[in-house]
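Here's the structure, in structure tokens; my notes come after.
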Amino acid sequence: METAKPETSAEPTAETKGREATLLELDDRKIAVLVAAPGKRPSVGDHLAALQNVEDECLPVLLSDRDDALWTSIAADERPARFAHGASRLAEFRAYKKDPNRPGPLRRAVLRMARDVRLQAEMMLANREAPDLPATTYARTLVGELLATWCEIWGERFDGRLGDLKRQNELTTKTGLSSNAVVLYFDLVAAEYRFRLRGEEDLALSADERRWLSERVTSFTAELRRLCIERLSTSKELARRRQLQIAGWSFAAALVVAGAVYLYIASRPLKAVPASAVGKPGAILATYYNDTELKKLALSRYVNSIFVHAYGSPLRGVNADRFSIRYSGFLYFPTSGRTTLCVENDDGARVFLHDKKVIDDWKLHPKKQNCKRINVEKGWHPLRVEFFDQTARAWLRLTRGESKTKQQVIPAAHLCCQKK
Ligand SMILES: [Ca+2]
């Protein structure tokens, strides 16, 4: 495998200086991008010097943890808050070196870092407003930090030198990384070098090249995530993780089954009752009450429609206001399938099919239409309609049709009663 040395033989220009941060504004957020001297990895010192003049709201640039001397020389309370990420990684790393049986904190720190690297590198590479050089430099710095951190955990040093194939093989063997992951770093370096050849406009990266690099960052961080969990977990933690995974799958499977069963039940048409259970069609039993709660029985009789329109008493013997009616019997549906059942009511009404409430509007208000889309089998279905009027006009009408706006009155022949 040949390392991805830049195709051009030109040396990068010294136009970019070390210890100088470029500020980029993306979506109202500022990102500090450190441009290191050509061929030189920025050190922690470079980062610190560069970031000294950078505004506080900038997105952090991830820092190297490798320069222990530098970290210890800075008093804890002098470290800017944005370095906390790197500092905690360093602390976890040291703790792990002391006790490799407790890899959890380090694992979590590396996973956090991998996530941040992916998010920030992807964001930078995807944004065409960020010039090619800072975008690729930033992505390379982030990926390099992650690679270096991972190698260091396994006692290796990732120095980002180009062209040492033997060394790369050694690294991949010891750290578990695939050679693709290591090569990604050099792809980013190559992209960066390409852009540094000023005056050659056609050497700028294309949107496709940026997307390609961004996808490589995504797959690289995913690979590192997997490796991190595999290698930085105790066997107990791995077993627990597998158990949780299996439980998660089982739960998901149970949810899918429950969802399917629910959909099946919900979409199943309501089954009609045998015609033998139904009396002679043409009328439904209406029971009138002299209160609004269906309690003080006034009288009952068979009626040939579910329809009320009254400004006073709807029937001799029933209150002029404050009365209620319950219709109970059967409703005939001439075809199987979906249909819309509606009720217009002033004041409140509720409709039950097979003893299940399908419309509920038990409230005081002027005339109002309430509808429910239902799925029924052709034939007779147990129906109950309850209604009350508090004052002024009383209005009730049960209708059905193909939609809310296309409704027909229910003919008497489609209403019935218990068989006597
Ligand atoms: Ca009323």
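Residues whose amide H falls under 5 Å from that of residue 362, counting only those 5 or more places apart or on a different chain, are 349, with hydrogens built in the peptide plane. Remark: spin-label model distance residue 240-residue 112 equals 1.8 nm, labels positioned 7 Å along the Cα→Cβ axis.
What chymotrypsin sites (Phe, Trp or Tyr not before Pro) in the stretch 268-339 are in a loop by DSSP, with at most 14 other Cβ atoms within 10 Å of the Cβ? Write down the numbers at each step before the final one.
Details: sites: 288, 289, 302, 307, 311, 323, 327, 330, 332; in loops: 311.
Passing both the DSSP loop test and the Cβ count: 311.
How would you order 374-380, 140-146 from highest to lowest mean count of nearby Cβ atoms within 10 Å?
Values: 374-380: 17.3, 140-146: 24.4.
Packing proxy ranking, top to bottom: 140-146, 374-380.
Bridgeable lysines around residue 236 (alpha carbons under 23 Å apart, same-chain partners fewer than 8 residues away excluded): 97, 98.
If the limit is 26 Å between Cα atoms, which of 280/406; 296/356; 363/404; 356/419; 357/406; 356/420 go over it?
Details: 280/406 29 Å; 296/356 24 Å; 363/404 20 Å; 356/419 21 Å; 357/406 23 Å; 356/420 24 Å.
Those over the limit are 280/406.
Pull out the extension gain between residue 97 and residue 215, defined as 0.36 nm times the separation in residues minus the alpha carbon to alpha carbon distance; nm, one decimal.
Working: separation 118, 0.36 × 118 = 42.48 nm, distance 3.29 nm.
Taking residue 97 through residue 215 to full extension adds about 39.2 nm, to one decimal.
Readers should treat all values here as calculations from the given coordinates under stated rules, not as data from a laboratory. Worth saying up front: this structure is predicted, and the values here are computed from it rather than measured. No Cβ is skipped: glycine too gets one built from the backbone with ideal geometry, and neighbour counts run over all protein chains shown.
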